[in-house]
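Everything below concerns the one structure shown next.
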Amino acid sequence: QNEEKWDFVLVSDIHEMGSEKEIKRKKFLDELSKKGFTIKKIEDVKLFYGVRAPQHFFRKYQCLLRNPDSRQQNSSTHQDVPVTTRIRIVHFILRNTVTSDLEKLHDLMKKKVFEAAFPLHEKEEVREFLKEKWARWRVIFKQQPIEKIRCYFGEKVALYFAWLGWYTYLLGVAALAGVVTFVVGLTVYSSSQVSREICEANTTIMCPLCDQKCPFWVLSDTCTYAKVTHMIDNEATVVFAIFMAIWATVFLELWKRKRATVVTDWDLYGWDEEEEELAMELINNLQHDPRPYQHSYVRSTIVLVLVLLMIAVLIGIAHALVIYRVVAMALFTQSHLELLREHANTLAVLSGAVLHYLTIVVMTKVNRHVALFLCDLEKPRTFSQRESNFTMKFFTFQFFTHFSSLIYIAFFLGRINGHPGHYVRIAGRWRLEECHPSGCITDLFIQMAVIMVLKQTISNIMEYLIPWVSHRLRKKHRHPKKRSVMLGEEEEAEDPCKRQWLNNYELNEVNVFSLFNEFLEMVIQYSFTTIFVAAFPLAPLLAFFNNIVEIHMDAIKMMRLHRRMVPRKANDIGIWLQVLEAIGILAVIGNGLVIAITSDFIPVQVYKYMYSPCVRGNRTGTDCSIGYINNSLSVFRIQDFEPHTSVPDMLPNFDRDQIKECRYRDYRNADDYSYTVQFWHVFAARLAFLILFEHVALCVKLIAAWYIPDVPQKVKNKLLGKKYHDLHKELSMMEYSTEV
């Protein structure tokens, strides 16, 4: 039984005898035979070569690394290496075996000499357990068997699922807080004084929203929009934003503790990746010289410049989206369809958000190629270093792809568009968009909601459907051939390996980036749930439901639809931890800016305490925000319009000649349109709030980080005991030998 276990399977097309590919293949297999590998060949639609490594490789590994996989330090008893370690060593040797033409497996696969190389999904009890108790939809709310995942897929995958489970678990808390915030918002839906004023302002005439064919309009037309805005933009949101900044810190601190506990149980707390890599190199080739560390400032400078160039391109794409919205808005408002005219703003925002989602899909592919190219320029020393460099670059590009348009909506929309009579224009023609009189936060809300919902539904469906469909197609593609053989003469007894190898070959291929993609998707989602969460309190809830599905979808994909991943050893989630910490800091800055700049929280407070009726003494029983809307709108004289603005008479109840002035959202004087004193008061208050919010939130983050130790006492004591035990044993052995 044991004899028939194969470590790896190489698949190749059936080449003609004597062809270049056939010779290259033979050379590679001969190199493996020289190293003592057992090779078994099975012919079907393709050629399959099963390879099994000789025991001495694993013995060397155990000796070199003092056998971290078995608890016993006794050199006489040779325990079997775990399957995951076995696969990892064989994979390393296969990847680094060089033929006489100085070609490695990677080069041969590029030249189509070999088509695939993969470890097998074996019929082990661990696999059956995982298939039944983990990779099924019906166990969706059960605890994950992390230990078993580690035994089958290795530490790196197990840590990913441990992290994802922990993140989802704590998202529950954030989701609850978000729902509470949203419910508080719903209670003030109709009762908010500011939105009530907008709804009653049926005599306030607003300036036209575009230059041609746009009428004057009445403020009360946008009653619903105002109510929605104040549902998102209220005092509860400020508290929620501070809460989320603290939540992000606590989540990471608790994860560090969880990780320390898990890797201590695995005996990997002090594991050294570099030592592992050197040991593998030496096992493969005793004459191997390690690659020294290198650093070139010239190369770093080139990479830095190229990264900045790429970021500039991504910001340019965000600008293109802005221009699209401006032009779309102009076209919708001039359309003949009443529906388009009435909802021009919302439609422009919605279609802009969908377009943004499409650019995300396209740019992800571009970003990947650029990041890989930059990594090759850097020439990293080891695979793990290459992975870290790639992660940082790719994540940075993805971050700008996802967030540059949101940053524009949150912080620039309606602040750089000038005022009536002196608008800022694109190419001298199209006016930049304005904010709604009740604030810009609803635009941000719509954009976030559209992107999150689209990303989580479409991306998840595609992520599951594509492997499922391609697996079905590959199965279908092969079966007819088998039947024709059955109909012919008696077939010789089928090799038991053949069926298994074919089944594994039919599964979808995995590569080094398979796990990376899952991590990236989650980290981008984490950015959405923390950075602009003040504008979209339901983000954690959406993320929570998405993750419950995601965990099991990933499990089903790995167990049933994909070939077995090459297990990798790890004792943390790598560079992703730094990325998550950076997002935590960005979340504080982002939410501080959203409340200070995007939301109307500060202008309302300034009005209440400096300009409202309450200031003049009669505080009893009045809402201090009475008159806020009238106060926040400036007056514009119609005779000052630019010459090419043509305004149609489309206000039925008003006579055109009677309208001498219209209102717009800004703090400007009526005579020369310069900023009023109140504008500078609000500006100062915004800055003061921002500085205060960020310092308070960052202090709380630091206190939380200090208060929660990274490593639990239990783990520290366990490590202490182990060190003591080892030293004690060493000394008693020494004393024993001197006595003898």
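Tell me, yes or no, whether the range 687-700 has at least one residue that is at pLDDT 90 or above and farther than 27 Å from Phe251 by Cα.
Yes - at least one qualifying residue is present in the range 687-700.
Residue-wise test of (1) among the basic types (Lys, Arg); (2) assigned to a helix (DSSP H, G or I); (3) touching a residue at least 24 places away in the same chain (Cβ under 8 Å).
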site	(1), (2), (3)
Ser335	no, no, no
Arg341	yes, yes, no
Leu347	no, yes, no
Val370	no, yes, yes
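Quick one: which residue in Leu561, Leu593 is out of contact with any Pro (no Cβ under 6 Å at 6 or more places or on another chain) and not polar (S, T, N, Q)?
Leu593
Out of all the residues in the range 88-104, which are among the hydrophobic types (A, V, I, L, M, F, W, C), open to solvent by 10 Å² or more (accessible area, probe 1.4 Å) and touching a residue at least 60 places away in the same chain (Cβ under 8 Å)? Don't jump to the end; show me each part of the working.
Within the range 88-104, the first condition is being among the hydrophobic types (A, V, I, L, M, F, W, C), and the residues that meet it are 89-90, 92-94, 98, 102.
Those still in the list that are open to solvent by 10 Å² or more (accessible area, probe 1.4 Å) too: 92, 98, 102.
Answer for the range 88-104, where residues must be among the hydrophobic types (A, V, I, L, M, F, W, C), open to solvent by 10 Å² or more (accessible area, probe 1.4 Å) and touching a residue at least 60 places away in the same chain (Cβ under 8 Å): Phe92, Val98.
Of a type outside the set (Lys, Arg), surrounded by 15 or more Cβ atoms within 10 Å (Cβ to Cβ) and modelled with pLDDT of 85 or more: which single residue out of Asn345, Asn367 fits that description? Break it down into steps so the answer makes sense when it comes.
On the way: Asn345 fails: modelled with pLDDT of 85 or more.
Unique residue meeting the criteria: Asn367.
So which of Ile146, Ile140 ends up being in contact with a Phe, Trp or Tyr (Cβ under 7 Å, 6 or more places away or on another chain) and open to solvent by 30 Å² or more (accessible area, probe 1.4 Å)? Reasoning before the result, please.
Details: Ile140 fails: in contact with a Phe, Trp or Tyr (Cβ under 7 Å, 6 or more places away or on another chain).
Sole residue among the options that is in contact with a Phe, Trp or Tyr (Cβ under 7 Å, 6 or more places away or on another chain) and open to solvent by 30 Å² or more (accessible area, probe 1.4 Å): Ile146.
In this structure, does Asp623 turn out to be over 23 Å from the mean Cα position of the chain (by Cα) and not basic (Lys, Arg)?
Against the criterion (over 23 Å from the mean Cα position of the chain (by Cα) and not basic (Lys, Arg)), Asp623 qualifies.
Hey, any hits in the range 174-182 for a residue that's open to solvent by less than 20 Å² (accessible area, probe 1.4 Å), among the polar types (S, T, N, Q) and in contact with a helix residue (DSSP H, G or I) (Cβ under 9 Å, 6 or more places away or on another chain)?
Yes: one or more hits.
Taking the range 31-46 as the search range and keeping residues that are of a type outside the set (A, V, I, L, M) and touching a residue at least 24 places away in the same chain (Cβ under 8 Å), which one is most open to solvent (accessible area, probe 1.4 Å)? Steps first, answer last, please.
First, pick out the residues of the range 31-46 that are of a type outside the set (A, V, I, L, M): 31, 33-38, 40-41, 43-44, 46.
Filter once more, so that each one left must be touching a residue at least 24 places away in the same chain (Cβ under 8 Å): 31, 35, 40, 43-44, 46.
Numbers: Glu31: 40, Lys35: 50, Lys40: 40, Glu43: 111, Asp44: 45, Lys46: 43 Å².
Per the criteria, the residue is Glu43.
Among the candidates Val113, Val90, Val126, Val98, single out the residue that is β-branched (Val, Ile, Thr) and at pLDDT below 85.
Result: Val126 is the single residue among Val113, Val90, Val126, Val98 that is β-branched (Val, Ile, Thr) and at pLDDT below 85.
In the range 84-98, how many residues are farther than 12 Å from Tyr61 by Cβ and assigned to a helix (DSSP H, G or I)?
At the first step, the residues of the range 84-98 found to be farther than 12 Å from Tyr61 by Cβ are 84, 87, 91, 94-98.
So of that shortlist, the ones also assigned to a helix (DSSP H, G or I) come out as 84, 87, 91, 94-96.
Number satisfying all stated conditions: 6.
Would you point out the residue of the range 412-462, among those that are hydroxyl-bearing (Ser, Thr, Tyr) and in a helix (DSSP H, G or I), that is nearest to Ile597 (Cα to Cα)?
My answer is Thr442.
Quick check on the range 279-306: of everything there that is in a loop (DSSP other than H, G, I, E, B) and open to solvent by less than 100 Å² (accessible area, probe 1.4 Å), which residue is nearest to Thr396 (Cα to Cα)?
Only one residue tops the list, namely Ser296.
For the range 426-457, enumerate the residues that are in contact (Cβ under 8 Å) with a residue 40 or more places away in the chain, open to solvent by 20 Å² or more (accessible area, probe 1.4 Å) and closer than 15 Å to Tyr357 by Cβ.
Ile446, Ala449, Val450, Val453, Leu454, Lys455, Gln456
Looking at this structure, is Val362 open to solvent by 70 Å² or more (accessible area, probe 1.4 Å), over 30 Å from Arg88 (Cα atoms) and at pLDDT 85 or above?
yes
Just the residues that are assigned to a helix (DSSP H, G or I) and open to solvent by less than 10 Å² (accessible area, probe 1.4 Å), please, taken from the range 608-628. First the steps, then the outcome.
The first filter runs over the range 608-628 and keeps only residues assigned to a helix (DSSP H, G or I), leaving 608-611, 613-616, 628.
Result: Cys614, Tyr628.
Somewhere in the range 514-521, is a residue within 28 Å of Trp6 (Cβ to Cβ), modelled with pLDDT under 85 and either surrounded by fewer than 21 Cβ atoms within 10 Å (Cβ to Cβ) or of a type in the set (Lys, Arg) (or both)?
Yes, the conditions are met somewhere in the range 514-521.
Can you tell me which residues in the range 608-641 are among the hydroxyl-bearing types (Ser, Thr, Tyr) and in contact (Cβ under 8 Å) with a residue 40 or more places away in the chain?
Across the range 608-641, the qualifying residues are Tyr611, Ser625, Tyr628, Ser632, Ser634.
Evaluate the following for Arg386: is it modelled with pLDDT of 80 or more, assigned to a loop (DSSP other than H, G, I, E, B) and not β-branched (Val, Ile, Thr)?
Details: modelled with pLDDT of 80 or more: yes; assigned to a loop (DSSP other than H, G, I, E, B): no; not β-branched (Val, Ile, Thr): yes.
So Arg386 does not fit the description; no.
Which of (1) within 30 Å of Arg663 (Cβ to Cβ); (2) free of Cβ contacts under 8 Å to residues at least 40 places away in the same chain; (3) not acidic (Asp, Glu) is the odd one out, the single condition Asn389 does not satisfy?
(1)
I need the full set of residues from the range 181-226 which are of a type in the set (A, V, I, L, M, F, W, C), part of a helix (DSSP H, G or I) and in contact (Cβ under 8 Å) with a residue 24 or more places away in the chain, in order please.
Scanning the range 181-226 gives Phe182, Val184, Leu186, Val194, Ile198, Cys199, Leu219, Cys223, Ala226.
Residue pairs, Cβ under 8 Å, 6 or more apart or interchain, first in the range 13-29 and under 16 Å from Glu115 (Cβ atoms) and without any contact (Cβ under 8 Å) to a residue 60 or more places away in the chain, second exposed (fewer than 13 other Cβ atoms within 10 Å of the Cβ) and not basic (Lys, Arg). List them.
Hits for this filter: Ile14/Glu43; Glu22/Glu16.
Take the conditions among the aromatic types (Phe, Trp, Tyr) and touching a residue at least 60 places away in the same chain (Cβ under 8 Å) and apply them to Phe412. Does it pass?
Considered against the rule, which asks whether it is among the aromatic types (Phe, Trp, Tyr) and touching a residue at least 60 places away in the same chain (Cβ under 8 Å), Phe412 comes out as no.
Regarding the range 722-740, can at least one residue be identified that is over 30 Å from Phe636 (Cα atoms), more than 42 Å from the chain's Cα centre (by Cα) and not in a helix (DSSP H, G or I)?
Scanning the range 722-740, I find at least one residue that is over 30 Å from Phe636 (Cα atoms), more than 42 Å from the chain's Cα centre (by Cα) and not in a helix (DSSP H, G or I), so the answer is yes.
Using the structure shown, decide if Ala312 is out of contact with any helix residue (DSSP H, G or I) (no Cβ under 8 Å at 6 or more places or on another chain), in the same structural domain as Tyr225 (by the TED database), part of a helix (DSSP H, G or I) and open to solvent by less than 70 Å² (accessible area, probe 1.4 Å).
Yes; evaluated as a whole, the condition is true for this residue.
Residue under question is Thr301, and the condition is that it be on the phi < 0 side of the Ramachandran plot and at pLDDT below 90; does it hold?
In short, no.
Check whether at least one residue in the range 11-24 is at pLDDT 85 or above, among the hydroxyl-bearing types (Ser, Thr, Tyr) and in a helix (DSSP H, G or I), and report yes or no.
no
Which count do you get for residues in the range 183-198 that are of a type in the set (A, V, I, L, M, F, W, C) and crowded, with 19+ Cβ neighbours inside 10 Å? Don't jump to the end; show me each part of the working.
Taking the range 183-198 and keeping what is of a type in the set (A, V, I, L, M, F, W, C), we get 183-184, 186, 188, 194, 198.
Keeping just the survivors that are crowded, with 19+ Cβ neighbours inside 10 Å gives 194, 198.
Adding up the residues that qualify gives 2.
The values are calculated or read from the model by the stated rules, or taken from the named source; none is laboratory data. Every value quoted in this text rests on a predicted model; they were computed, and no experiment measured them. Virtual Cβ from ideal backbone geometry, glycine too; neighbours counted across all protein chains shown. Protein only, heavy atoms only, side chains kept; ligands, DNA and RNA dropped before computing areas. Shrake-Rupley method; radii C 1.70, N 1.55, O 1.52, S 1.80 Å.
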